[in-house]
Amino acid sequence: MPKASELKKASVVEIDGGIYIVRQIDIRNPSARGASTLYKVRFSNVRNGQKLEQTLKGDDFLKDGELIKRAVQFSYREDEMMVFMDTEDYSQYMVNSDTLEEQQGYMTDDLEGMVALLVDGQVVDIELPQTVVLEITETAPGIKGASATSRTKPAMLSTGLEIQIPEYLETGEHIKVNTTNAKFVSRS
């Protein structure tokens, strides 16, 4: 049984008999002495998509939801659905693209290391690897000698994701991007 302070994005819990996935967590630290940290958590029901918001204290306990993890690979997009293939038994899972709105900026056809979170045989979320390699498709020209400074410039990547990159990088280069905070990690 996880505490509210141990919850992470994409954690699955059971609330009042329903299975919910954590979509967003806001942490509030009250300034009053003796006040406990509050966690405002936005959940989404895995069966019907209904949203639920709760404010929890750090030591409130929640019941673990039944969850299966399977290694998957992105196959193709069909209208509003994204199709993933299980890398072990080659079965396919269809997921509404709205469910994976935040992850789409990191997904490429050859991306490995993705894990599907299944509840009752239905994909409720996709976990991405910690970093992904993407190509810079559009950015301002590189500045020679700018590697010593920490100044950045905007760049559009091959998946449509826009991030800040160091000034010395140019269009066509491949870079590693952190999937948790959309920040540049290194050249690839």
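The values are calculated or read from the model by the stated rules, or taken from the named source; none is laboratory data. Computed from a prediction, not measured in an experiment: that's the story for all the values here. Heads up, the Cβs are rebuilt from the backbone with ideal geometry, glycines too, and the neighbour counts pull from every protein chain shown.
Observations
- Selection from region 1-24 of residues that are in a strand (DSSP E or B) and under 13 Å from the mean Cα position of the chain (by Cα): 21, 22, 23, 24
- Considering only residues in region 102-137 that are among the acidic types (Asp, Glu), at pLDDT below 90 and not in a loop (DSSP other than H, G, I, E, B), the one that is surrounded by the most Cβ atoms within 10 Å (Cβ to Cβ) turns out to be 125.
- In region 48-65, the residue that is farthest from residue 16 (Cα to Cα) out of those that are assigned to a loop (DSSP other than H, G, I, E, B) and under 20 Å from the mean Cα position of the chain (by Cα) is 49.
- Candidates 72, 185, filtered to the one that is β-branched (Val, Ile, Thr), touching a strand residue (DSSP E or B) at 6+ places or on another chain (Cβ under 8 Å) and over 22 Å from residue 12 (Cα atoms): 185
- Scope region 16-40; condition surrounded by 15 or more Cβ atoms within 10 Å (Cβ to Cβ) and either touching a residue at least 24 places away in the same chain (Cβ under 8 Å) or closer than 16 Å to residue 126 by Cα (or both); matching residues: 18, 19, 20, 21, 22, 23, 39
- Residue ID - nearest to residue 100 (Cα to Cα), chosen from residues in region 41-57 that are touching a Lys or Arg at 6+ places or on another chain (Cβ under 7 Å) and either surrounded by 14 or more Cβ atoms within 10 Å (Cβ to Cβ) or outside the structural domain of residue 25 (by TED's automatic domain parsing) (or both): 44
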